[in-house]
Amino acid sequence: MKPSLLHHWLISTCLIASPLFATDSVERRMAIEVGSSAIKYAIADVNSNTDTILEIKDQDSITFRLHDKVLNNDRHTIDKATLGALSDIFLRLKDKASYYHTPHIKVIATEAMRITSNKVEVQSTLQGKTGLVMQILTQANEDRMDYFTALRASKKPDKPVVWDIGNNSYQLIADDPTADTLAYKGDSGSRSFFRYLLEVAQGKDWQKDSNLHPLTKEQFEEGLRFAHHLAGKVPKLVRSQIVRNNGEVVAIGSLFQYSLLEAVKTEPGQLLVTQNEVKQFIDRTLIREQTEHHPPDQEQQLNQPDYHQHQGFSHLTLSNAIMVYGFMQKLGILSLEVTDRTSTDSILEYSPFWQ
């Protein structure tokens, strides 16, 4: 199927819920995602005609810093010890699939595996040891799945602009009339922006001091200028689509769902974050820094399903808010519709993986 046809078919699938499937068959599926810092999985009963999740049976996230392991060597390889640990996790997940009587398993890997120089050997070894076939998504296919996630989750799924921020990069994805989707990938993310605040704005050695406080107003303004600089590189097509959507963007991923949303919103279930609310949070936090003592805290990993807002001050959340606010200012983003879907939800429902 041609990419453009696939794109329009996916949109139609997301927007049309046919009443003809009143007696849809149920299929139990397991999605395993090999990400940059964790291996996430979900087991669910799925409507096999509409590829819609009916009930989640089990899901969790296993910390596994694959991205760091790959980048920590010059050849960008996965060594035998890492491969062995990965095989062990796969075998445990395969046992879990057997426990839940799950006949359909899909293993998806993203950027960390994509940049691995010995990925073919890794795929072959994992399949030989575990029987599981790992599919490494191309960047284009990952973009399509992210856009699909937004279409499924957005309450206004005509032509959303999708925003995702990872540890070391971010993506803005929009509908391109001349192609499938237009995805712009920036080379700064949550962790790299945090490091900029520490090293450039505050002049600290990030290896010795990972605390932002006290963050002065001048240092906040420096961080804001850097966020404006990053946002200024976003293509005009994406910016114009934001304007056509009245300044609303669909935000996906852990940063928005587990860091920003919990920090900014006080009531559970609220998924819309305005530019003004982000600024109010930053103002409150800067003031609080000057009046309260914040003991050093260990930042939780945002990809953990049991993640919850810190009991106190979170340096990373403040940094995330500054980055997001700077982008919102520069790009004219007035509000963020934060999705409560996980990446494994998207894998379970993404038709090209199962049809």
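Averaged per residue, the stretch 158-223 has 46 square angstrom of accessible surface, using a 1.4 angstrom probe with ligands and nucleic acids left out.
Pairs exceeding 27 Å between alpha-carbon atoms, taken from Lys57/Lys106; Lys119/Lys330; Lys204/Lys236; Lys69/Lys208: Lys119/Lys330; Lys204/Lys236. Expressed as a whole percentage, what fraction of the accessible surface of the stretch 200-262 belongs to carbon and sulfur atoms when a 1.4 Å probe is rolled over the protein heavy atoms? Carbon-and-sulfur percentage of accessible area, whole number: 53. Ranked by the mean number of other Cβ atoms within 10 Å per residue, highest first, peptides 122-133, 315-326 order as 315-326, 122-133.
Sequence gap at least 6, Cα distance under 8 Å: using those rules, report the relative contact order of the stretch 70-203 to the nearest whole percent. Before the final figure, lay out the partial values.
Details: 141 pairs, mean separation 21.2, N = 134.
Relative contact order comes out at 16 percent.
Across Trp354, Trp163, the residue with the most accessible area heads the list, and the full order at a 1.4 Å probe is Trp354, Trp163.
Does a label point 7 Å from the Cα of Asn211, set along Cα-to-beta-carbon, have any residues of the stretch 181-201 with amide nitrogen under 17 Å, and which are they? Hits in the stretch 181-201 for Asn211 at 17 Å: 198-199.
Per 0.36 nm of contour for each residue apart, how much would the distance between Val120 and Asn246 grow if the chain were fully extended, relative to their Cα-Cα spacing? Please report the intermediate quantities before stating the final value.
Values: separation 126, 0.36 × 126 = 45.36 nm, distance 4.46 nm.
Gain in length upon complete extension: 40.9 nm.
Got a sec? What order do Arg152, Arg75, Arg244 fall in by accessible area at 1.4 Å, biggest, i.e. largest, first?
On the way: Arg152 55, Arg75 180, Arg244 145 Å².
Output order, biggest surface exposure first: Arg75, Arg244, Arg152.
The values are calculated or read from the model by the stated rules, or taken from the named source; none is laboratory data. Source: prediction; values computed, not measured. Note that each Cβ is placed from the backbone with ideal geometry, even for glycine, and that neighbours are counted across all protein chains shown. Please note that ligands, DNA and RNA were not included when accessible areas were found on the heavy atoms of the full protein model with its side chains. Shrake-Rupley method; radii C 1.70, N 1.55, O 1.52, S 1.80 Å.
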